[in-house]
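Read through the structure below, which is laid out as structure tokens, and then see the notes.
Just so it is clear, none of the values below were taken in a lab; they were calculated from the coordinates. Here the structure is a predicted model, which is why all the values come from computation and not from measurement. Note that each Cβ is placed from the backbone with ideal geometry, even for glycine, and that neighbours are counted across all protein chains shown.
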Amino acid sequence: MKKFILFLFCLSFSNLFSQSELLIPRDAVTVFSINNVNLLQKISMDELVQYDFMEEVHQELFDGSTSEKTLKDAGIDFNQRLNVFYGKSDDAELSGFTFGISNSSNLFEVFDDFEELQSKYENVKVFGSFFNNLIIKDNSALLIRIEPSSELIDAQTDSIWYARGNSYPYGYDDGEFDFDEEIFDEEGFDEDDSLISPESDDFPIANEDPTEKNYYELRDSVQLELQKGLLSKLLDELLIENANLVTSDVIFKEQLTHPCEGTFYLDNSRSLGQTNSLWYFQTVMPSLYKDIKELYTGNIILGDLFLKEQSIEFLVEARYGEKLGSIYQEMNDSKFDKNITKYIHEGNSAYFTYNVNMRKAYEKAYEVIMPIISSEKNSDIAMNVLAFELLNELVNKDALFETYRGSMFGTFNGIKKVNTKKIEFYYDEETFEYGEKETEATEDMPIFTIGFSIGRGDIPEIVLKNLGRVTSKFEKHDDYWVFKNAILDAAPLYMINKNDLFIFTNDEDLALNHSDGYGSNSLPKKIVKELKKEGFMNGYIDIAGTLNRFPSDLLNERRSEMINSLKGKSGKMYLESSKTTNKSTNFKLTYEFRGEENSGKHLLDLVNTLYIFSK
Amino acid sequence: MNKILFFFISLPLLFSSCIELIDDLTVHNDGSGTFKYTLNLSASKIKVNSILALDSLDGKKVPSMAEIKAKANSFAANLKTQAGITNVTMSINDADLIIKLSFDFNSILNFKNGLEAAVASIRSSNQGEELNHNWISWDGKTLKRNSPLMSLTISEQLKETDLDLLKTGSYTTISRFDRAIDKVEQSNTKINPARTAAMLKVNTYDLQKNNSLLDNCIYLTPLKNK
């Protein structure tokens, strides 16, 4: 019997290990795992490689070999997950995806630039191309790109360079460099400038010996060797030690068991070290950085994607460690300000509400964070702690947090004509001489409103009253203040200070005619009831009314395509959040679509959006 | 927060704009004269200011108002150094978005060469070829003007959506003389009652579609012998 159980165990174990997710490196910080790959059968490879999440690996694919091929034609096994991952450590950045293989011949028609490399791993084939590596184990594959960090490459290169007795490689000493800022003349930029001529005077020369590598040649070699070393280390972990994200992170492993079309995983605690804003702490005050990192322990965002007939539901759980969670819990323990809903018109094509208690958040953050900062033995920090403690004692916190309570809302009220002034040239019919006159003009403008809950309306009134004395641009009217030409030097900004709200808007109609809210035309009671019941953040976007008017020209090509892929659809997006505990907050994003494209395309669009915002 | 700000800032770019261009050329009998050029974007303040608020647009760097002023001043400074060019003035009204340039020249050839050289000085080496043709000529009795190809070359690079923005714009070209105009080739040209000035106004969108709309040949009456 024991043998039989062992046999069953081994069978399930071996089956488990044939899955694509077991090739996800443990250094991956962000993972999108698409479970129901069948949805993607009709997606063409050409479409797939256009997505942002493919950008790191797409160079090899987007060379014609994908032309008119679908994922199915590419030999992908639709019974396995497709996992897209990204990770960044101090030493390297890695990205790629893992997938199942049903037909390796078809696969290599797409991955036609890969050459087989010698493999030291049993039953594993390793392929390489200029940028990427393809690793095939049984019927699963890992396509990976690993790039050592420039800091690591520079450090190694410099070390070798100086050890060889070379001098400073750039032709001048640190002290000689003139740090005067140069104004970049874009007009004068010539594309050929990007190619550095080997004859350039700035090119560092090692010595007179032409067989000796110059600095950049040495750096290239170091980069290549580091890349090989990092890949080898990663593959040893994956293929010899069986150390992957599934085996090293029980949360991720559990996430994969969810019966949904796709899952999302982002380990904020591990990505913290790569946050540029913390670089100073990391290098100058490592013990403080360690404490901050501890604060973020357990900060993980998990998501499940459910595809329904005409909608995609994205359930997100933001998990926190105990200390950070206690701050969030206090911050989000706030009664919903019902005044807010009066100012959201039922016809608004987009709105959000954000309901927090800044006073409670401050008190808790002070309680949690001050002991951490105070324990740091650093004179600068000590002075900051002193300043904080004095401010805490001296500032009137009642006045401060009644002026800015933390709750707010925003709406997009569509496009309206706003009155502006323009200079018009008029001509004398006798002489064709011309003069200037100021005339009224109208320009289209997006109308938005942003409002804050306030308990001390008298305080902004003091500010506005005094600004009104300084400049005639500030004018007080019965129900509102107006700041002329505040928006882009052309349109007025209205401020409404009523009903325990301080509202900024460029909506003349709201300021002049609805300063007490939209009354019966505000959000329906049913929605208000739901908003009161739910958590700290809620939102709604009517894609037809909002994204269809988004200026996608401002985005790069792929992102613009992403927005464009949502255009023409009449879908709606809803964001809801749960009450926050000291462990987590749950969010639900519902994307209702009525487009004609297949569901897989919608799913990838959403995955791509999440990838862009999480990267 | 930056993404939200970006969203709000970028939204105004959806909307139409209006551009007004006036070029006013006075040619005296001896070939000397004055050139005045006006670019009026005051009717598009929201659009232009929203663009200027961005770092980049469509993958290209958006210059700041200070950089635009510096470029304009550099152009004017170069123009001052050109042979036969005097009294160069450049003014930029950044509140109403109106740019004005005016200068005197002592011959049409100096006007042509000076303007070409000043334009070339602020453009990169592979640009400016659009001026390498005979876009203006004067023989003492006939002024021949072609389309402002410099502007057209820029507009050719615009996308169809951008071109729509030109629909509400206008380009007015005025030519003034010491003596009466005999006839003009472009039938849409208006001539003042004294017949000393010709004005041709076209829509900027139409001009982009048809480069020859501003081409004109203005014939003057013969000089009276003293």
Classified through the alpha carbon gyration tensor (a ≥ b ≥ c as square roots of its eigenvalues; rounded if a/c is under 1.5, else prolate when a/b is larger than b/c, else oblate), the stretch A:341-385 comes out prolate
The FRET efficiency for A:LEU390 and B:ALA77, from their Cβ-Cβ distance with R0 = 56 Å and rounded to 0.05, is 0.55
Net charge near B:ALA43 (other residues with Cβ under 11 Å of its Cβ; Lys, Arg +1; Asp, Glu -1) is -1
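Let's test the formula: R0 of 25 Å, r as the Cβ-Cβ distance of B:ASN93 and B:LEU54. What FRET efficiency results, to the nearest 0.05? Let's see the in-between values first.
Values: r = 22 Å, r/R0 = 0.86.
Efficiency, rounded to the nearest 0.05: 0.70.
Ordered by packing density, taken as the mean number of other Cβ atoms within 10 Å over each peptide's residues, highest first, how do B:40-50, A:79-89 rank? Numbers along the way, then the final one.
Numbers: B:40-50: 23.8, A:79-89: 21.8.
Result, highest mean Cβ count within 10 Å first: B:40-50, A:79-89.
So how much slack lies between B:LEU223 and B:SER187, counting 0.36 nm per residue of separation and subtracting their Cα-Cα distance, in nm?
Taking B:LEU223 through B:SER187 to full extension adds about 10.6 nm, to one decimal.
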Phi angles of the stretch B:194-207, converted by Karplus (6.51 cos²θ - 1.76 cosθ + 1.60, θ = phi - 60°) into ³J(HN,Hα) in whole Hz with x for Gly and Pro, give 6, 6, 9, 9, 10, 10, 10, 10, 10, 7, 5, 5, 4, 5
With label points set 7 Å from each Cα along the Cα-to-Cβ direction at B:ARG179 and A:LEU512, the distance between them in nm comes to 5.9
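Which whole number gives the average count of other chain Cβ atoms within 10 Å of the Cβ atoms across peptide B:187-199?
2
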For A:GLY455, other-chain or 5+-apart residues with amide H closer than 5 Å (H placed, Pro excluded) are A:THR403, A:ARG405
Per residue of B:40-53, other chain Cβ atoms within 10 Å number on average 6
Expected integer from the mean partner chain Cβ neighbour count at 10 Å over A:429-436 is 6
Counting only residues 5 or more apart in sequence or on a different chain, those whose built amide H sits under 5 Å from that of B:TRP135 are none
Sorted by chain and number, the residues with a modelled amide H under 5 Å from that of A:PHE448, at a separation of 5 or more or across chains, are A:ASN413, A:ASN506, A:ASP507
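Suppose R0 equals 56 Å; then what is the FRET efficiency for A:ASP489 and A:SER167 from their Cβ-Cβ distance, rounded to the nearest 0.05? Walk me through the numbers before you get to the answer.
Values: r = 54 Å, r/R0 = 0.96.
My answer for the efficiency is 0.55.
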